[in-house]
1. Using θ = phi - 60° and the Karplus curve 6.51 cos²θ - 1.76 cosθ + 1.60, what whole-Hz ³J(HN,Hα) does each residue of the range A:12-20 get, with Gly and Pro shown as x?
2. Let me spell out the model: positive unit charges on the Cβ of Lys and Arg, negative unit charges on the Cβ of Asp and Glu, origin at the Cα centre of the range B:437-521. What dipole size does that give, in debye rounded to 20?
3. Does anyone have the angle between helix B:7-17 and the longest principal axis of chain B? Alpha-carbon axes, 0 to 90°, nearest 10?
4. Taking a threshold of 26 Å on the Cα-Cα distance, which of the pairs B:157/B:342; B:359/B:446; A:338/A:377; A:49/A:241; B:175/B:403; A:222/A:336 fall above it?
5. Between the helical axis of A:119-133 and the dominant principal axis of chain A, each derived from Cα atoms, what acute angle in degrees is found, rounded to the nearest 10?
6. If you count only protein heavy atoms with a 1.4 Å probe, what accessible area per residue comes out for the range A:1-137, rounded to a whole Å²?
7. What shape does the range A:10-143 take by its C-alpha gyration tensor, where a ≥ b ≥ c are the square roots of the eigenvalues and a/c under 1.5 counts as rounded, a/b above b/c as prolate, and the rest as oblate?
8. Give me a single rounded figure for A:54-65: the average over its residues of other chain Cβ atoms within 10 Å of their Cβ.
Amino acid sequence: MALRKRNNDQIPEISREICLRMLTDLERAKRPVLHATKCSLDNAIYNPKIGFFTPGDKKVATELNVSSVKKMSRAIFLLEILLRNIDSGAVNTKRELYYISKGEIKGNPRLKPLDFADQPESDDIIDFICEMLEVYREDFNCYANDRGGQTYSQQLIVTETLTDGETATIDLSKLGTSPFQPKNRPQNFTLKMSERIDFGLIVESEGTANTLVANGFTKRNKSILIGSQGVPSNAVRAWVKTIQDQLKIPLYFFGDLDAYTLQNIFRTLKAGSAASLIRNQDYSAPDVRFLGVLPDDIKKYDLFDYPVREQDAQEGRALKKADDALKNDPFFQDKKNKGLAEILRWLLKNKRRCEQQSYFSVAPKDPTMPEKIIVEKIKRGDFV
Amino acid sequence: MAPAGNAKTSDKSQEKTQPKSSKSISSSSTAEYFSKNLQQVGFSSQTKAVLTTLKEAVDNSLDACEEHGILPEIKVVIERVGVGSIKNSERIRVVVEDNGPGIDGEDLPKVFGEYLASSKFGRGRCTRGQQGIGISAATTWAQLTSASGAKVISKTKGQRKAVSAVIEVDIKNNKGILKNRETIEWDRPNGTRVEFVFDGRVQVNGEAGLLNYLLGTALVNPHVTFQYQLPDQELQTVERVSDAVPQIPEATEPHPHTMKLGEFIAHSHLFGRVKTDVWLKRGFSRLGDAAMDALPKGLLNQNVDSLSNADFEKLFSSIQSVELKAPSTSSVLSIGEDALSKSIQRLGKIDFFSVVTRKPTICDFKPVQIEVAIARLEARLSENDAPVQVLRFANRVPLQFDKSACAIVHAITSVNWRSYGLGQPKESLPQGPYIMAVSVVSPFIKFKNASKETIDASDELVEEIRRALMQAGQKLSRHIKAEEKAEDLEEKKRYIEQFGPILVEGLVRITGAKPEIKKRAEEGLMKILGRDTSHAEKELNAATARLEEQLEKERE
Ligand SMILES: Nc1ncnc2c1ncn2[C@@H]1O[C@H](COP(=O)(O)OP(=O)(O)OP(=O)(O)O)[C@@H](O)[C@H]1O
Ligand SMILES: [Mg+2]
């Protein structure tokens with residue numbers, strides 16, 4: 001695997017190395033060049049044995065010249081702040097870092113030219129630093145306020161190690177109707193089962209996840225139930241990966257039958273994305289299976305489906321992307337994911353979609369019907 | 001100048017100008033028709049009433065001066081004199097004074113009080129006025145809103161005293177009524193002063209504003225000296241920048257391929273009883289002997305007034321299928337690149353500009369000539385995201401309404417201005433502190449609607465305008481490129497000064513490197529970046545050389 005795993009003890013050292021190299025180049029009036037991993041589909045490798053996208057050898061080189069001197073100066077400036085955070089253990093969001101840098105600049109008029117006009121400008125530099133050092137933003141103690149991932153279970157016990165070394169233990173069965181909310185620091189969780197857990201279910205819609213739990217899903221099934229809230233955030237991705245690695249239970253994804261869900265939500269959960277090549281190894285769960293809605297379910301349960309509105313910008317784009325994916329995306333091209341590619345092809349051909357909530361139409365008077373279908377599908381092995 | 005002598009033309013013109021629905025009304029109710037439909041001739045709102053009155057009077061002054069080889073001096077005064085009788089209106093006074101040939105006392109009622117009395121109608125020349133409607137409509141509006149006619153003072157050359165009178169329109173009979181006529185002393189050899197008091201609203205700025213009309217008119221009339229006083233403003237003077245009175249070329253006979261069947265038949269009525277072949281040869285251009293041979297012999301020998309509609313149709317369609325030389329382009333006129341370059345300086349402080357005069361050409365079988373002037377205004381340098389200010393002209397009259405359908409705007413948006421260094425959102429006008437003036441001159445401009453505010457966007461015309469714009473764009477881009485290169489160099493130098501030291505200091509802090517390393521790294525960095533600026537310097541020199549070359553050519 002091309003990836004080196006780094007933790008933040010090594011980052012100061014690597015940073016210093018890079019800076020030293022730049023200085024030496026400068027001394028010789030040679031243009032320093034910074035190399036960052038190219039994060040795009042054409043540099044994404046999918047090996048079915050690994051199960052997620054890994055980076056190829058393509059690099060993006062930034063050479064020092066008049067046009068790049070601003071970007072490089074900004075990168076070195078922010079790098080210094082990030083290294084300071086590692087040193088002190090301070091934690092920040094990107095937005096806070098934006099303000100910290102503005103504060104630094106305010107206090108030192110000489111730095112004025114570096115000033116960021118808005119947050120996307122400083123975010124870009126943070127991403128650039130991460131790609132250059134091949135590290136996660138989280139390694140620099142920079143966390144996003146990740147959404148989604150609300151988790152319910154009667155058997156799961158989480159032990160969290162805090163930055164100061166203390167630990168906290170959370171027994172999810174004691175939380176009542178409140179969910180457990182994972183944060184984006186996977187390395188700090190240790191998971192235990194109070195009783196054998198049969199499976200984990202990730203539900204695309206947060207609302208539907210709540211409904212299933214409220215109607216007794218986790219009481220009747222020894223399971224972990226997670227709401228993904230659309231495209232999974234880093235926190236959700238890392239959390240599902242942690243569950244997969246530590247508990248080794250079967251994992252199923254339940255969401256809409258449409259191109260967007262399949263490519264943007266499910267594929268990201270299972271194999272990561274091209275934009276996050278350097279982090280997929282900790283942010284994807286290759287064992288997750290697609291439980292539904294499957295094209296066959298429509299007939300089997302007589303579900304309500306409806307035509308894709310091609311004029312709708314998002315749906316139209318998703319269809320177009322589905323077509324591209326079949327042609328270019330190594331994930332859907334691999335024969336290991338033949339079944340998923342098959343669904344994409346079905347979507348392209350029939351131009352119909354079916355929502356996860358349509359399970360509620362099967363027996364309108366029975367609130368547990370969706371649960372029954374889900375459990376039955378798992379039992380029968382009716383997933384892809 | 002004898003608008004009176006045109007009785008015959010006026011009769012014909014009634015048939016042509018009046019909409020079909022009013023066919024039944026007698027010729028004496030022409031004035032009635034227009035007085036009920038003033039909105040069709042520019043009086044469709046309070047603000048437009050002011051603009052149209054001004055425009056009709058100024059266009060007439062310019063036409064008259066041009067006709068008589070006089071360098072025009074025009075003074076305009078617009079004032080608010082009270083509240084209007086219509087809701088939300090003001091009582092406005094518009095005075096336009098010229099040093100033109102003046103109007104004979106006997107002609108005053110016809111000029112200001114009778115519709116379709118024009119010395120210019122249907123002559124196929126590029127005059128501003130064409131129909132004999134304009135100024136009588138202004139009189140009617142004043143009469144309807146403030147019960148006062150046109151107050152006129154006029155003096156022709158050789159007259160010792162001037163005539164002063166008030167003219168009203170006799171709406172029932174389409175006749176002018178002369179009132180308060182007296183002869184007075186006037187301290188000038190010849191000229192005309194017209195005054196209208198009426199209800200309207202003053203809009204000075206914006207696309208449809210008075211200023212746009214005045215400055216636009218100044219731009220395409222380098223030979224005019226303008227004085228104008230707008231409400232609550234000082235008197236402004238715009239001096240002439242050219243001493244040449246434009247020669248309006250004589251009309252050429254119409255080209256048969258430019259006509260529709262109806263026009264073709266109407267054209268024959270002008271000739272009375274002549275043989276058809278004589279009518280064709282005299283009444284049209286480009287119908288030579290070779291072409292005549294291809295036409296039905298039987299018809300050619302008959303008298304034209306005895307032809308039936310079916311005969312006309314047969315004749316017409318055989319003429320349409322004969323190959324003819326394209327119409328002559330000698331009937332158009334141009335302002336000229338030289339005069340435009342000077343005139344555009346009158347629009348404000350300008351840091352650079354480019355002008356293009358295309359050769360006369362034929363579009364849709366009609367002669368046209370396109371001219372373009374683009375200038376960057378210093379005062380607006382901050383307005384980089386605003387669309388450019390478009391000035392449109394048809395026969396040197398500014399067009400200020402219905403911009404989006406106009407051939408000129410179609411042509412502007414079809415050009416890729418980004419390649420000349422201007423910002424331009426997709427399929428839109430380019431952006432920046434520019435004035436983009438496009439003049440279309442043709443004896444037969446096809447307008448999109450009756451109020452003559454948009455030029456019909458035919459493919460051929462749009463393409464011709466587009467070519468002119470692209471040439472102007474290329475010239476402009478030399479200026480922009482040279483400026484960009486200069487800015488580029490400037491920015492590079494600034495970048496080096498600003499970021500060089502910060503970068504090295506940051507690296508030194510992170511690595512804990514020694515001071516001597518810092519010094520050497522700084523020197524090295526300056527060397528590297530210095531190479532970049534010398535490259536930028538070379539590019540700037542090349543761009544400046546190209547611009548100089550162009551300016552040199554323009555001076556020749
Ligand atoms: N200031 C002037 N000096 C001399 N002659 C004038 C002046 N104003 C008008 N005339 C004469 O009066 C005639 C009628 O003017 P009017 O504006 O009604 O018609 P027009 O200019 O011919 O056409 P249009 O209706 O298109 O304006 C003109 O053709 C011109 O001969
Ligand atoms: Mg007129």
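1. x, 5, 4, 4, 4, 4, 4, 5, 5
2. It works out to roughly 580 debye.
3. In chain B, helix B:7-17 runs at an angle near 60 degrees to the longest axis.
4. On the way: B:157/B:342 31 Å; B:359/B:446 20 Å; A:338/A:377 20 Å; A:49/A:241 16 Å; B:175/B:403 36 Å; A:222/A:336 29 Å.
Checking Cα-Cα distances, B:157/B:342; B:175/B:403; A:222/A:336 exceed 26 Å.
5. Tilt relative to chain A: about 80 degrees.
6. On the way: 6560 Å² over 137 residues.
Per-residue accessible area for the range A:1-137 comes out at 48 Å².
7. oblate
8. Working: counts 0, 0, 0, 0, 0, 0, 0, 0, 0, 1, 5, 7.
What the average comes to for A:54-65 is 1.
The values are calculated or read from the model by the stated rules, or taken from the named source; none is laboratory data. Remember, predicted model here, so these are calculated numbers, not experimental data. Heads up, the Cβs are rebuilt from the backbone with ideal geometry, glycines too, and the neighbour counts pull from every protein chain shown. These area figures cover heavy atoms from the full protein model, side chains too; ligands, DNA and RNA do not enter into them. Shrake-Rupley method; radii C 1.70, N 1.55, O 1.52, S 1.80 Å.
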